[in-house]
Amino acid sequence: VRDDAAVDDLVALEGFHAVKHALRFAPSLVRSVEVASPAAAAALAQRLAPDVLDLLLARAVTRPVDHPTGVRAWAGRPPADLAVLRRAGRSAPLVLLDAPRSAGNAGAVVRVAAAAGAGGVAMTGTLDPWHPTVVRGSAGLHFALPVLHVTEPDVEGPMLVLDGDGDDLRDVDLPDDAVLVVGSERAGVGPGLRARADAVLALPMRPGVSSLNLATAVAAVLYRWRLR
Ligand SMILES: C[S@@+](CC[C@H](N)C(=O)[O-])C[C@H]1O[C@@H](n2cnc3c(N)ncnc32)[C@H](O)[C@@H]1O
């Protein structure tokens, strides 16, 4: 699922908000910022994110940019932070997506994981976590926390599988070193990770509703942890 926008491990950041987040959280990785109009880009940054104004202008090159904000950028991928997979290497839950199919869903998970202060987001399966569509879905917040691909056995810590048929999540205190295992859109959590579960937990739903979208389930669980 890689395409030309990820050639040479450079990630395309489409639009001001994605560029802003990359500049804010990992400025050294942002190689160049393409702006349709330096004056318009400066005005946008001054209004929405004055903290990144100087960083943006220092990298700005004037080019036609096919995005409503007139801003895009190219950034390097950070090296995969494998420490977050170790129990001792994290102080906030790791979200483990089991073979997600939708790049938009995966991006939305990264976005809420960054917002809630999760330890990181790992994904099994064939979707590249740094695919441009995933980065678009996260609004560039890939640069705010570790985001990486894993094979199942690589991950340590209490494995809390999220499943609509599990035990009521309200009865459980979510540990900071938890691995929150979230299933794919169709199949849910696969047998490999399910077999390793320390607990299977459900967000209660009104009768008749079969499941939540996976990104909204992650949001609810992470904020349950954050607001505890
Ligand atoms: C769209 S659901 C998958 C539905 C799938 N048909 C199934 O039977 O599991 C995607 C993932 O979101 C999470 N999820 C959805 N609703 C949930 C709920 N009420 N409680 C806990 N996790 C939920 C689960 O991890 C699930 O595997």
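The values are calculated or read from the model by the stated rules, or taken from the named source; none is laboratory data. This structure is a prediction, so every number in the text was calculated from the model and none was measured. So basically every Cβ, Gly included, is an ideal-geometry build from the backbone, and we count neighbours across all protein chains shown.
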Inter-residue pairs, beta-carbon under 6 Å, first part of a helix (DSSP H, G or I) and in segment 92-106, second near the ligand (Cβ under 10 Å from one of its atoms), 6+ apart: Asn105/Leu214; Asn105/Ala215; Ala106/Pro100
Test: Gly117 is crowded, with 18+ Cβ neighbours inside 10 Å, under 29 Å from Leu13 (Cβ atoms), modelled with pLDDT of 95 or more and not aliphatic (A, V, I, L, M): no
Residue in segment 158-169 that is small (Gly, Ala, Ser), farther than 30 Å from Val52 by Cα and under 17 Å from the mean Cα position of the chain (by Cα) present: no
Residue that is surrounded by the most Cβ atoms within 10 Å (Cβ to Cβ) [pool: residues in segment 168-186 that are within 10 Å of the ligand (Cβ to nearest atom) and modelled with pLDDT of 95 or more]: Val181
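Looking at this structure, is Pro207 more than 20 Å from the chain's Cα centre (by Cα), under 19 Å from Asp81 (Cβ atoms) and either away from the ligand (no atom under 11 Å from the Cβ) or without any contact (Cβ under 8 Å) to a residue 24 or more places away in the chain (or both)? Quick ask: steps written out before the conclusion?
Working: more than 20 Å from the chain's Cα centre (by Cα): yes; under 19 Å from Asp81 (Cβ atoms): no; either away from the ligand (no atom under 11 Å from the Cβ) or without any contact (Cβ under 8 Å) to a residue 24 or more places away in the chain (or both): yes.
In short, no.
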Only one of Leu57, Leu53 that is assigned to a helix (DSSP H, G or I), free of Cβ contacts under 8 Å to residues at least 24 places away in the same chain, more than 17 Å from the chain's Cα centre (by Cα) and buried (at least 16 other Cβ atoms within 10 Å of the Cβ): Leu53
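Right, Ala40: over 23 Å from the mean Cα position of the chain (by Cα) and part of a helix (DSSP H, G or I) or not? Walk me through it before giving the result.
Values: over 23 Å from the mean Cα position of the chain (by Cα): yes; part of a helix (DSSP H, G or I): yes.
Yes; evaluated as a whole, the condition is true for this residue.
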